[in-house]
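Nothing in this text is a laboratory measurement; each read-out follows from the coordinates by a stated rule. Since the structure is predicted, the reported quantities are computational estimates derived from the model, not experimental observations. Counting neighbours? That spans all protein chains shown, and the Cβs are built from the backbone with ideal geometry, glycine included.
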Amino acid sequence: MNKDLFTWYTQSDTLADLIIGLRLAESSGAKSLLLLTCNQNIYPEEELSSLLTHCSLPIFGGIYPMITYQETLLKHGALIIGFNQAYNVTLFANLDLCKTEEHFESVINSQLSATQDFAQNDSFLMFYDGLMTNIEDFIDSFFECLDHGISIVGGGAGYIDFIQRPCLFTNQGLTSNAVLLVTLPSKLTAQVAHGWKTFQGPFLASEVEEQTILSINYQPAFELYSQTIENESQYRFAEESFFDIAKHFPLGIEDINNNLTVRELLVTENGALQCAGKVPINSMVYLLESNVNNLIEAIETAAIELYSTPISTPTEENEQISMVFDCIGRMLYMGDDFGKELEAINKHRNSPALFGVLSIGEIANSQSGAIQLLNKSTVISTW
Amino acid sequence: MNKALFIISLQHELAMSIGNKLDLKAMLKVFLKVCFSRLNLTSGHIFINCDDNNLPSKLTSLEQTNYLHLLSIPQKNQGQAWSENNELSSFVESLSNAQQNISQQCENGRYFFGFIIPDHGLLIFETYYVLELEVQKALIPIFQKLGTSCYTSIIHDSLVKEVLSRQLVEEKVAFQAQHDGLTGLFNRQYMNSLLAEAIEEAHTNNKFGSIVFIDLNRFKPVNDAMGHSVGDQILLILANRLQSLKSEHIDVARFGGDEFVLLIKDLEHDYQQTVNNIINQINVLLDIPFVVKNNSYKLNCSIGYVFFPLQSSTVNNLIKFADIAMYEAKRAKSRFGKQYTPSMSDKIKRRLAYVDDMKQGLENGDFKLFYQPQYNHSGNIIGAEALLRWHHPVHGVESPAVYIPIAEESDLILNIGQWVLEQACRDIYTLEQLSLPATFKKVAINVSAKQLIQHDFQDKVMQAIKLNNIAAEHLAVELTENLLVENIEDSIKLIASLKANAIDCSIDDFGTGYSSLTYLKRIPASVLKIDRSFVANIEQSNESAAIASMIISLGKTLHMSVLAEGVETSAEFNCLKMLGCYQYQGYYFQKPIPFDEFVQLLSNLNSG
């Protein structure tokens, strides 16, 4: 534990141990708390919710597939960070009820105007329900409503079995279908990397419905996808499960500046491919491939880039903090080698506090400034 | 190869995003969002040419461009609206002047790329990179298509507006056809059609219904005295209160003026009780004072009702019957409403026939003026009151107590009043030709409420005087105290004006009208006439004597003469004289007599 930031973690999956940590955090002199827990913990939902509502400090965070502390991967347990400043938290709840852009805009604008003056702040963390289906619509509207030139990072909370349950923490308890927006007290900087390269393509995403690609190059999507992989590799879809093969070959959407946005393929159904994020209709897509070394190398390059150019100087009052949103898909791909990715980040860190989550989707600004939903990527941030 | 494919896919995606919505702004927003994500924009902006009313319109001449900011993604720039961004505004101006695609590097190192949406607007992309020329060129045909789609949307928008405004007008016309302009309640015509349906339904469902006719009492004086704006406000308040009774089974309408009608449907066998309850509710609604412009008005109403299909099954009859019943309630001053009975119609028929008889009588000269002399305490005639007598060809001599109220209900009272005025003036002229006793001053005629509120009443009086070439001071008018109180402001003005023309005014039936001293002081009348009810047996009644005494001292205070009416005995005369009343009229002195006899009486006195 450093003098300015309360940090506590446990690998225990019981609520009793979490309570001990929370009591310590509450008496630590911290002004607000970030609580991250693993989805495999044995936390009774009602008791956890009651713990949150009875917390004496502002609290925020969520349940993630896994969490990280420096180079340790926690598959069970919890992490508490106590900030020495009161972070402002805005909750956008019941977002499943928003069906139109106008509805999103009205919810966002009314919430923003009611809570604080956002014109004064430009750095945010976003914790959201990673299994809500309209997160990208929210992000689009949020960017449109908020401002030009904001900095934001975030990651989707939830359970690795992809069954939606309440997974976000606030002082109101546990919630789902929601977004938590945390205003940071100092400037946020971030680096994004994935390490995936083009393997086959380009192809035209000729028929798309939201996150489902129905056809590629005017052929049924799965048919083209599976034929291309089987022609160019040893993988056979008849012999392995779809996800076991697909995790090696995500899709990449190429933009005008040749940047690739990765889209993880989750399942196939009726000849279509279900992605963990939207694919624009008529966009150019590639099949991507990589290996552990490339993935880690890309992340290490990003870490060096980020940590070698600190934006703000740590002061007596504000310790430099670093948070990582790493896609759970990367861990599933790398398996035991995933620890090397954490080591690669940790060895370059310049801040005593480095922690993070393995998330279901990541959020970061693109080069243009817009907010993007990413898959199979790593977002390293400091503030 | 990949670049070419990228450009083709970009063109395809942008082209496919055009025209997905019909509304102009929504259509352009969909397009701009696709541009934003596919071209990695930092911000995107659309300015649209507008007409003089700032509505989007097709550009007709390049000299008359009026590009207004329509939308931006994101909506703001560091807390500020993009329309207030100087760098963007000056770029838009340059683009508008150039009328061709231009670009510039901004102060923050980013770039603005400006494009023309042919005939319609300007599109500005802010990027962090240089948009390649081949991409820019590839966008030109897309913007051409966008221009066409803008035109379609503008036409659509104007059609939508036109359809909407037509719809609004149609709704307004339909509303006006069914509703009263002042109160928004149903109007007479619509209520009639609702009633027709209700009668039909009552027959089909074996139910009952009722028409309840409501008329405000004494609303006209308020309207006349306080002005129509106050009157309208009162009607509006009442309409809102009555509207609170509206339900699935009750409709409310304004029939005109201060008349309102309730249509009550689906009544069961307890219909009488239900209607009684509703009448109670109406009275409760009226118990609350009407507050308009800081003044409080207390009003009540008369209510008549009729049941269908029990009493009639035709719209006209039901409305007429309820109206008749309302008049009966008004006459009876009943607060509880009156149900229509056929005898009410018979009464009305008889009244109408009676009015016809009066008209006929007036034409045939069956009306005569009788004169009842007025005396002073020395027995000298000081004047006379002209009294109307009607000799009905069948019934003989009719009592004024019967025919005057009936004449007052119709406008016939105006014809009768005019005849009285003219005949009295003719008679005064005859009298003026005689050598009258020195004490004889004037002949007084009675004026009705309807005459009084006629705006040209005084003109008519002056005209009659002039036409008959008589001295104005020989004519006087008598107004009852009740009439004065009801029309106080108008009466004061009229009396003052008549007095200025030498015509005196007496206050008739004094002591019965509850006039306040405040008003009385302002009325420039000359004579107070003690009502006959206080004169009868005055010598035996301390109360009557006290009232007479009070009136006498009031007259002294206000510098008015006091005349006692209906003096029939010497005891009454002596008592009045003792109390200080020195002017009299009554059978003790002389009964009303035909004009010839009156002339004879005056001549005899003179010669005697």
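Given a Förster distance of 41 Å, report the FRET efficiency between residue B:232 and residue A:165 from their Cβ-Cβ distance, rounded to the nearest 0.05.
Plugging the Cβ-Cβ distance into 1/(1 + (r/R0)^6) gives 0.05.
Check cross-link reach from residue B:58 to the aspartates and glutamates: straight Cα distance under 12 Å, and skip same-chain residues fewer than eight apart.
B:119
Taking the Cα centre of the protein assembly as shown as the origin, how large is its charge dipole in debye, to the nearest 20, when only Lys and Arg (+1) and Asp and Glu (-1) carry charge on their Cβ atoms?
Its charge dipole is roughly 3440 debye.
Between 0 and 90 degrees, rounded to the nearest ten: what's the tilt of helix B:412-433 against the longest Cα principal axis of chain B?
40 degrees
Straight distance only, please: which lysines reach the Cα of residue B:246 with their own Cα at less than 27 Å, same-chain residues fewer than 8 apart left out?
B:172, B:207, B:220, B:265, B:298, B:320, B:330, B:333, B:338
Helix B:342-364 sits at what angle to the longest principal axis of chain B, using alpha carbons and giving 0 to 90 degrees rounded to 10?
60 degrees
Could you give the dipole magnitude of chain B about its Cα centre, charging the beta-carbon of Lys and Arg +1 and that of Asp and Glu -1, in debye to the nearest 20?
In total the dipole reaches around 800 debye.
Give me the one-decimal nm value for the distance between modelled label points at residue B:499 and residue B:558, 7 Å along each residue's Cα-to-Cβ direction.
Distance between label points: 1.0 nm.
Taking chain B as the region of interest, what is the percent of Cα-Cα pairs per 10 angstrom bin, listed from the shortest bin to the one with the maximum distance?
Over chain B, the share of Cα pairs per 10 Å bin runs 3, 12, 15, 13, 11, 10, 9, 8, 7, 6, 4, 2, 1, 0, 0 percent.
Which one, A:64, A:86, A:125, projects farthest toward the positive side of the charge dipole computed for segment A:10-139 from Cβ point charges (K/R +1, D/E -1)?
A:86
Rg and Dmax of segment B:114-257, Cα atoms, in Å?
30.0, 87
Just name one of B:295, B:306, B:319: the one whose Cα is farthest towards the positive end of the charge dipole of segment B:188-340 (beta-carbon charges, Lys/Arg +1, Asp/Glu -1).
Positive-end residue among those listed: B:295.
Which whole-angstrom value gives the distance between the alpha carbon centres of segment B:193-248 and segment B:515-587?
Each part reduced to its Cα centre gives a spacing of 46 Å.
Write down the radius of gyration of segment B:365-607 and its Dmax, each obtained from C-alpha positions, in Å.
Spelled out, the Cα radius of gyration and Dmax of segment B:365-607 are 17.3, 50 Å.
Compute the whole-percent fraction of alpha carbon pairs in the protein assembly as shown spaced more than 46 Å apart.
The calculated P(r) of the protein assembly as shown puts 58 percent of pairs beyond 46 Å.
Dipole of chain A, Cα-centred, from +1 at each Lys and Arg C-beta and -1 at each Asp and Glu C-beta, to the nearest 20 debye?
The calculated dipole for chain A is roughly 780 debye.
Give me the lysines in straight-line cross-link reach of residue A:247: C-alpha distance below 24 Å, same-chain residues under 8 apart excluded.
A:75, A:197, A:278, A:340, A:376
So, in Å, what gap is there between the alpha-carbon centers of segment A:65-89 and segment A:171-209?
19 Å
One quarter of the convex hull surface, Cα atoms only: what value does that give for chain A in nm²?
With every direction weighted equally, the projected area is 18.1 nm².
May I ask you to compute the full-extension gain from residue B:349 to residue B:591, defined as 0.36 nm times their residue separation minus their alpha-carbon distance, rounded to one decimal in nm?
83.7 nm
For the pair residue B:455/residue B:492, report the inter-label distance in nm, with labels modelled 7 Å from Cα in the Cβ direction.
2.2 nm
How much length, in nm to one decimal, is gained on full extension between residue B:189 and residue B:401, taken as 0.36 nm per residue of separation minus their Cα-Cα distance?
72.4 nm
Residues of segment B:16-59 with amide nitrogen under 15 Å from the 7 Å Cα-to-Cβ point of residue B:89?
No residues fall inside that zone.
With each run of n ≥ 4 DSSP H residues scored as -39500 (n - 2.57), what mean residue ellipticity at 222 nm is computed for chain B after dividing by its residue count and rounding to the nearest 500 deg cm²/dmol?
It lands at -16000 deg cm²/dmol.
Other chains' Cβ within 10 Å of B:68-76 residues: what's the mean?
Per residue, the number of nearby Cβ atoms from other chains is 4 on average.
Just counting partner chain Cβ atoms within 10 Å, what average do the residues of peptide A:362-375 show around their Cβ?
Mean shielding by partner chains, rounded to a whole number: 3.
Just checking the output field for A:168-177: average partner chain Cβ neighbours within 10 Å of each residue's Cβ?
Whole-number average of other-chain Cβ neighbours for A:168-177 is 0.
With the dipole of segment B:2-160 worked out from charges on the C-beta (+1 for Lys and Arg, -1 for Asp and Glu) around the Cα centre, which of B:159, B:50, B:142 lies farthest toward the positive end?
B:142
Roughly what would the spin-label model give for residue B:600 and residue B:360, points 7 Å off Cα along C-beta, in nm?
With each label placed 7 Å out from Cα toward Cβ, I get 3.1 nm.
Ratio to report: Rg/Rh of segment B:188-340, with Cα atoms as the point set and Rh obtained by the Kirkwood method; give two decimals.
Value, to two decimals: 0.98.
Applying 1/(1 + (r/R0)^6) with R0 = 35 Å to the Cβ-Cβ distance of residue A:347 and residue A:257, what FRET efficiency is obtained, to the nearest 0.05?
After rounding, the FRET efficiency stands at 0.70.
With axes computed from alpha carbons, what is the tilt in degrees of helix A:15-26 against the longest principal axis of chain A, rounded to the nearest 10 within 0 to 90?
60 degrees
Pick from A:70, A:234, A:172 the residue whose mean-square fluctuation is largest in a GNM of chain A, springs joining Cα atoms under 10 Å.
Among A:70, A:234, A:172, the largest mean-square fluctuation in the Gaussian network model of chain A belongs to A:234.
Which percentage, to the nearest 5, of the DSSP beta bridges contained in the protein assembly as shown is antiparallel?
Of all bridge pairs located within the protein assembly as shown, approximately 75 percent are antiparallel.
Can you give me the pair-distance distribution of segment B:1-99, C-alpha pairs, 5 Å bins, whole percents?
Using 5 Å bins, I get a P(r) of 2, 11, 17, 20, 21, 16, 9, 3, 1, 0 for segment B:1-99.
For segment B:70-137, what class follows from the C-alpha gyration tensor (a ≥ b ≥ c being the square roots of its eigenvalues): rounded when a/c is under 1.5, otherwise prolate if a/b is larger than b/c, else oblate?
Oblate is the answer for segment B:70-137, as a/c is 1.5 or above yet b/c matches or exceeds a/b.
Whole-Å semi-axes of segment A:227-277's equivalent ellipsoid, largest first, each the root of 5 times a Cα gyration tensor eigenvalue?
The three semi-axes for segment A:227-277 are 22, 14, 9 Å.
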